[in-house]
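Have a look at the structure below, then the notes.
The values are calculated or read from the model by the stated rules, or taken from the named source; none is laboratory data. Here the structure is a predicted model, which is why all the values come from computation and not from measurement. Virtual Cβ from ideal backbone geometry, glycine too; neighbours counted across all protein chains shown.
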Amino acid sequence: MKLSPDDKLDVREVLNDLDRYRPKRKGWTWRRRIENHRLGPFVFRNASADLNSSVPLPAAHSFGDIDPQCDCVITTEIASGRFEDDLRRMRMAAWHGADHIMVIRTAGQSHFDGLIEGTPEGVGGIPITRKQIRATRKALDAIEEEVGRPINFHSYVSGVAGPEIAVLFVEEGVNGAHQDPQYNTLYRGINVHRSFVDAAEAKKIMADGGLLQIDGAHNANATAKEAWKVTPELFVQHAINTAYSRAAGMPADQIALSTVPPTAPPAPKLSLDLPYAVALRELFAGYIFRAQQNTRYIESDTREATVTHVLDTLISRLTSADIQSTITPDEGRNVPWHYNNIAGVNTARQTLMGLDGLMDLVALRSDGMLRDRVRELKERAVLFLEEVLDSGGYYAAVGTGQFVDSGYFPERKGDGIVREPDGGVAAGTVVAREPDYGAPVCSHFGHNIYATGAGKACRDYGGCTLCDPAKIQYIDELDPEDNVEKRLLAPLADKAAGLLRPEVERHGDGIVCVTIFVPERPPIAEVAALEMARQMGLRKPEVIARRLIHPAEGSVFEIKGVIEIAVKIDDLPLPQREMLLSDAEIEAWVRPRSIHVIAATPGADEHSVGLREILDLKHGGIERYGFCCHYLGTSVPIDRALDMAEQTGARAVLISTIITHGDVHLQNMRRLHEAAVQRGLRKRLVLIAGGTQVTDDMARECGLDAGFGRGTTGHGVASFLVRQLRALEA
Amino acid sequence: MTSSERPDDFEIRRQRLRVMSDEALHHHFWALVERIVAPLIEEARTHTTPAIERSVLLRMGFSSLEAKALVGHFVERGLLGRGTGRLVLELAKRKGISVREAGVALLAGQHWAEIGA
């Protein structure tokens, strides 16, 4: 399967021949780091290999469209409930720099005793099944070819089917997974014995399969009332999973600690979070760090979330991060929308590239408050461990509610999570192995009569599925109604009819979001905003974000709703794109004619960068074709530009107009046209306006010959000038 | 029973830790962790569960549906501690049939009298 940038991902092609698909590689892959990477006008200190295809950051336009890639892997978490929609979201995320795609599981899968098959729809995630992960891996294999960088596919090895899911993941080329028996116990209420016994088997399978393991300690941040107070316990949770993983046979370079800076402004974030981050990296030197962003204090303001996430990422750069995970800025208000996955990824990559080379410039202090706090955290963690042992060990400590207490250990509030060692989901299912216990398969942990002697444990029957994938049993669908084929009927019908609908989560869901400021007190303003949304034609309008601007003067609301609108592509008045003249053709016409061009930013506007790029030789501007350019600068009166046009016998006047307050840009355009008419110059002059808010239609309505907006190049302007001037000569 | 409330008496408790170097404190930290984990990993080494047994049968070439049903039968008969994979493999060897054929026969209710004998 091969993707083309101009064509949408074809889910039918993904599903085709899936029963025979094998992943093209297994195990985790890191980015290829490049020291002192030279790109455009810059040298990057913390960069990795470039992509073949990507969407650069917006400001890249000013730097030759470079798209430097940071040295750490970037994660995005995807959870629409329908894997076929997730695949498109993954492709978009990969184009923006994500190379770790974490697929959230559907609610309730932790308690599903066995594997789920087919492609049923999920809630808050997808049911992890062989068909869905095989289809996803197949799509990701094509997406990684398209962008030119391996993509790590990741999900969860937890719940009461951990060992089976681990086998499934190794068989199907999943590259990383969360695995932490403490998570099962504390947050899913699964019996602690079952959770740990299963975990050793799952970890052994993951270790041999090259999967990167991420632990679950970060969940304590998300549940605690005062998240910074659980930091001593976080060291303990990381350590228990880490030591348990090592004992189960997992090497250090496959063990990743999932760590989240616990606070958010207005808390003094750096002074609380940085000592924690430093202490963690010192205690766990040699392991992998997966830096996650904070979700605990996100509400509905995406701007606020983004600033917190920038600070989180700053802490990653001040310490270290092998993986920088991202949280969508809308997580606090709805199931993440696909373009917000992209926003989250861009927050990380923009921050990381902006902080490139940071530690060449600054160093963390080796004395004072930072070291005092680092030391204190470590000592509090040691006291926590000592108390676990004093209580009689891990099971007893969990039974007495020592974990996830909101006190700053050794402080105790008595509100920890209590799990009876003999209770919980799947209690009583752990069975002692007999002396003759055997499991004739590879990657099995613990006592096993087949693990002794020469050769593989599966030698007696020609190899297990880990050695011979042909033995894998593929189940297609079990539910005749709840499956991808049924769900694809509507999107495929839309496609056949050439229909387009807005969407944020799933194909054609019709959801749109409007921002409305209402100048009233909050209770009135909110009701009014909803009514306005209704009158705009939004069905089921719902306030997803509200921000008080002033108690009396007003509030701003973001409102989502559904619009039942489908536009037909064939009926759209698509602008006809004119082919540009070639560089050679332009230059051949311009050079012999000595054509003068006047350029200026008129009125009271000091913007100059865009216009200089259109003119200057070194930026590929129109000078290179032989136009004689007279750049008059900024805040130039229109009359002065026309005086100059008369003096030089110019054939064109270019104005740049950025400021739009009071429609001053429209006034400038009209004034240029009218003044040229008054002076009798209009017929021989080509008049052009450019600027970020300018459109061709707008400029023509004001009487000019053309308008050029965002993304204009000197080539485009030169091509237009030559066509116009040729027409005037004819 | 939940642990009762306790004030933050860190400054008292830390006195004996204060004298340790950072390196000694790290060593102490990991030594405590090893002591906590040792009985947990020993339990895992010597015990099994339905999920582990299902994962073994998956690896032996059974589907998830077959593995779940087979393990259910083994649990009913109290045979999990022998290792379901081993019992299926031994049946296959005795009968001169493939592992899959042995499992499918068990699912059809055959040969149970010989299992675990």
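Quick look at the values:
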{"item": "Total residues in segment A:27-36, condition in contact (Cβ under 8 Å) with a residue 24 or more places away in the chain and over 23 Å from the mean Cα position of the chain (by Cα)", "result": "0"}
{"item": "Scope segment B:97-117; condition of a type outside the set (Val, Ile, Thr) and more than 25 Å from the chain's Cα centre (by Cα); matching residues", "result": "B:Ser98, B:Glu101, B:Ala105, B:Ala108, B:Gly109, B:Gln110, B:His111, B:Ala113, B:Glu114"}
{"item": "A:Arg546 farther than 27 Å from A:Glu304 by Cβ and surrounded by 12 or more Cβ atoms within 10 Å (Cβ to Cβ)", "result": "no"}
{"item": "Where A:Glu282 falls short, out of the listed (1) modelled with pLDDT of 95 or more; (2) within 20 Å of the chain's Cα centre (by Cα); (3) of a type in the set (Asp, Glu)", "result": "(2)"}
{"item": "Positions within segment A:439-448 being facing another protein chain (nearest Cβ under 7 Å) and without any contact (Cβ under 8 Å) to a residue 40 or more places away in the chain, in sequence order", "result": "A:Ala439, A:Pro440, A:Val441, A:His447"}
{"item": "Matching residues, segment B:1-49, being surrounded by 14 or more Cβ atoms within 10 Å (Cβ to Cβ), aliphatic (A, V, I, L, M) and facing chain A (nearest Cβ under 7 Å)", "result": "B:Leu17, B:Leu25, B:Leu32, B:Val33, B:Ile36, B:Val37, B:Leu40, B:Ile41, B:Ala44"}
{"item": "Those residues of segment B:1-58 which are farther than 30 Å from A:Pro440 by Cβ, assigned to a helix (DSSP H, G or I) and among the aliphatic types (A, V, I, L, M), in sequence order", "result": "B:Ile12, B:Leu17, B:Ala24, B:Leu25, B:Ala31, B:Leu32, B:Val33, B:Ile36"}
{"item": "Enumeration of residues in segment A:408-433 that are at the interface with another protein chain (Cβ under 7 Å from one of its Cβ atoms) and closer than 30 Å to B:Arg14 by Cα", "result": "A:Tyr408, A:Pro410, A:Glu411, A:Arg412, A:Lys413, A:Gly414, A:Gly416, A:Val418"}
{"item": "Candidate set: segment A:482-512, residues that are outside any helix (DSSP H, G or I) and of a type in the set (D, E, K, R); chosen: the one nearest to A:Phe83 (Cα to Cα)", "result": "A:Arg506"}
{"item": "Selected residue [over 16 Å from B:Arg54 (Cβ atoms), surrounded by fewer than 15 Cβ atoms within 10 Å (Cβ to Cβ) and within 7 Å of another protein chain (Cβ to nearest Cβ)] from A:Asp460, A:Asp436", "result": "A:Asp436"}
{"item": "Flag for A:Leu466 being outside any helix (DSSP H, G or I) and either among the aliphatic types (A, V, I, L, M) or within 11 Å of another protein chain (Cβ to nearest Cβ) (or both)", "result": "yes"}
{"item": "Boolean, B:Ser55 is over 20 Å from A:Pro435 (Cβ atoms), of a type in the set (Ser, Thr, Tyr), facing chain A (nearest Cβ under 7 Å) and within 15 Å of the chain's Cα centre (by Cα)", "result": "yes"}
{"item": "Enumeration of residues in segment B:59-85 that are under 20 Å from A:Cys467 (Cβ atoms) and more than 7 Å from chain A (Cβ to nearest Cβ)", "result": "B:Glu66, B:Ala67, B:Thr84"}
{"item": "Criterion (of a type in the set (Ser, Thr, Tyr) and surrounded by 14 or more Cβ atoms within 10 Å (Cβ to Cβ)) met by exactly one of A:Ser582, A:Ser555", "result": "A:Ser555"}
{"item": "Condition check for A:Ser271: among the hydroxyl-bearing types (Ser, Thr, Tyr), in contact with a helix residue (DSSP H, G or I) (Cβ under 8 Å, 6 or more places away or on another chain) and buried (at least 24 other Cβ atoms within 10 Å of the Cβ)", "result": "no"}
{"item": "Single residue of segment B:86-112 satisfying the filter (among the basic types (Lys, Arg) and under 13 Å from A:Gly438 (Cβ atoms)) that is nearest to the other protein chains (Cβ to nearest Cβ)", "result": "B:Arg86"}
{"item": "Members of segment A:323-369 that are assigned to a helix (DSSP H, G or I) and without any contact (Cβ under 8 Å) to a residue 24 or more places away in the chain", "result": "A:Gly354, A:Leu361"}
{"item": "Segment A:337-386: number of residues that are within 30 Å of A:Gly124 (Cβ to Cβ) and in contact with a Cys (Cβ under 7 Å, 6 or more places away or on another chain)", "result": "2"}
{"item": "Every residue from segment A:223-232 that is charged (D, E, K, R) and within 13 Å of another protein chain (Cβ to nearest Cβ)", "result": "A:Glu226, A:Lys229"}
{"item": "Test: residue in segment A:627-644 that is among the hydrophobic types (A, V, I, L, M, F, W, C), in contact (Cβ under 8 Å) with a residue 60 or more places away in the chain and surrounded by 15 or more Cβ atoms within 10 Å (Cβ to Cβ)", "result": "yes"}
{"item": "Odd one out for A:Gly680, checked against (1) assigned to a helix (DSSP H, G or I); (2) without any contact (Cβ under 8 Å) to a residue 12 or more places away in the chain", "result": "(1)"}
{"item": "Filter result (of a type in the set (Phe, Trp, Tyr) and crowded, with 24+ Cβ neighbours inside 10 Å) within segment A:177-210", "result": "A:Tyr183, A:Phe196"}
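Quick grid of which residues meet (1) of a type in the set (Asp, Glu); (2) within 14 Å of another protein chain (Cβ to nearest Cβ); (3) surrounded by fewer than 24 Cβ atoms within 10 Å (Cβ to Cβ):
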site: A:Ala107; (1), (2), (3): no, no, yes
site: A:His111; (1), (2), (3): no, yes, yes
site: A:Gly114; (1), (2), (3): no, yes, yes
site: A:Gly118; (1), (2), (3): no, yes, yes
site: A:Gly125; (1), (2), (3): no, no, yes
site: A:Ile128; (1), (2), (3): no, yes, no
site: A:Gln132; (1), (2), (3): no, yes, no
site: A:Thr136; (1), (2), (3): no, no, no
site: A:Glu146; (1), (2), (3): yes, no, yes
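So that you can scan it fast, the table gives a plain yes or no per residue for (1) more than 14 Å from chain B (Cβ to nearest Cβ); (2) without any contact (Cβ under 8 Å) to a residue 12 or more places away in the chain; (3) surrounded by 17 or more Cβ atoms within 10 Å (Cβ to Cβ):
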| position | (1), (2), (3) |
| --- | --- |
| A:Asp482 | yes, no, no |
| A:Lys486 | yes, yes, no |
| A:His507 | yes, no, yes |
| A:Val514 | yes, no, no |
